[in-house]
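The values are calculated or read from the model by the stated rules, or taken from the named source; none is laboratory data. On a predicted model such as this, the values are computed, not experimentally measured, just so you know. Note that each Cβ is placed from the backbone with ideal geometry, even for glycine, and that neighbours are counted across all protein chains shown. SASA here: full protein model, heavy atoms, side chains in, ligands and nucleic acids out. Shrake-Rupley method; radii C 1.70, N 1.55, O 1.52, S 1.80 Å.
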Amino acid sequence: MVMPVSAAAIPALAIEHLAFRWRRRDAFCLTLEQLTLAAGESLFLEGPSGSGKSTLLNLIGGAIRPERGSIRLLGEDIGQLAARRRDAFRADHLGFIFQQFNLIPYLSALDNALLSCRFSSRRAARAAHGANSPEHEARRLFAVLDLSPELPGRQAAELSVGEQQRVAAVRALLGRPEILIADEPTSALDADRQSRFVETLLGEAQKAASAVIFVSHDATLGERFDRRLKLDSGESEKTGGASAS
Ligand SMILES: Nc1ncnc2c1ncn2[C@@H]1O[C@H](COP(=O)(O)OP(=O)(O)OP(=O)(O)O)[C@@H](O)[C@H]1O
Ligand SMILES: [Mg+2]
């Protein structure tokens, strides 16, 4: 992507007049009038099960398109990009920790982590910057996330859920993407590990100036974030509206 001269002033994320339904005439409708996140800013996204948190992350990630409104990532309207440009943009600028982690079971933890660099030479170059190679940087992140030195060589299928979650975090952080999205990455962890994980993730994101959007049902984690956004269950109006703070 060609970055304009004033790139620093462009928000990492800018959402306007968003509306989305999975199907026409669907009772569930996600609406969000306005949301802006600056580079390096962190947002805690909360709301009851079914309120549309994962749906909103999928919209931000460009996996689905809004029915109305726009979602701009680094100034690019992700919903308007053609499929190939959208895939390339995602690989270059987005780190995603999925609710189910999405690791490839037969690959090692290290190879899973390095996938983010395989699809983007920009990410690979950024991961190598300051380290000798993307692999060195991945191993540094494994250590920072409290994983033993032999773990990167083990198959993903053999790992505990908590270990898989941290491998997914290494993959998302590798190459310092401008936007980091995490969908309930801590649900399998005990309270102590959960707290340390969030601390480390936010610390690494801050160093990389990545904007963070983090979903969790544990409201106490929300205090660590710059901003909070709560999606309503919308049971009365059947809309997953939002209120920000
Ligand atoms: N692929 C899909 N096709 C149709 N409807 C969907 C799809 N994915 C989610 N939905 C519906 O959209 C609504 C919001 O779901 P979503 O997964 O975004 O909620 P959530 O807030 O992430 O919930 P949870 O906290 O349980 O993860 C729900 O009513 C759900 O049934
Ligand atoms: Mg969800």
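For every residue, the table says whether it meets (1) among the polar types (S, T, N, Q); (2) open to solvent by 30 Å² or more (accessible area, probe 1.4 Å).
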site: Trp22; (1), (2): no, yes
site: Leu32; (1), (2): no, no
site: Leu37; (1), (2): no, no
site: Leu45; (1), (2): no, no
site: Ser49; (1), (2): yes, yes
site: Gly52; (1), (2): no, no
site: Thr55; (1), (2): yes, no
site: Asn58; (1), (2): yes, yes
* Whichever residue in segment 9-20 is more than 17 Å from the chain's Cα centre (by Cα) and crowded, with 19+ Cβ neighbours inside 10 Å and, among such residues, is farthest from ligand 1 (Cβ to nearest atom) -> Leu18
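When you scan segment 128-245 for strands (runs of 3 or more DSSP E) that lie fully inside it, which ones turn up with 1 or more residues that are modelled with pLDDT of 95 or more and open to solvent by 30 Å² or more (accessible area, probe 1.4 Å)? Working first, answer last.
Values: elements: 179-183, 211-215, 227-231, 242-244.
By residue number, 227-231.
Name the residue that is nearest to Phe225 (Cα to Cα), counting only residues in segment 166-205 that are β-branched (Val, Ile, Thr) and within 16 Å of ligand 2 (Cβ to nearest atom).
Among those that are β-branched (Val, Ile, Thr) and within 16 Å of ligand 2 (Cβ to nearest atom), it is Ile181.
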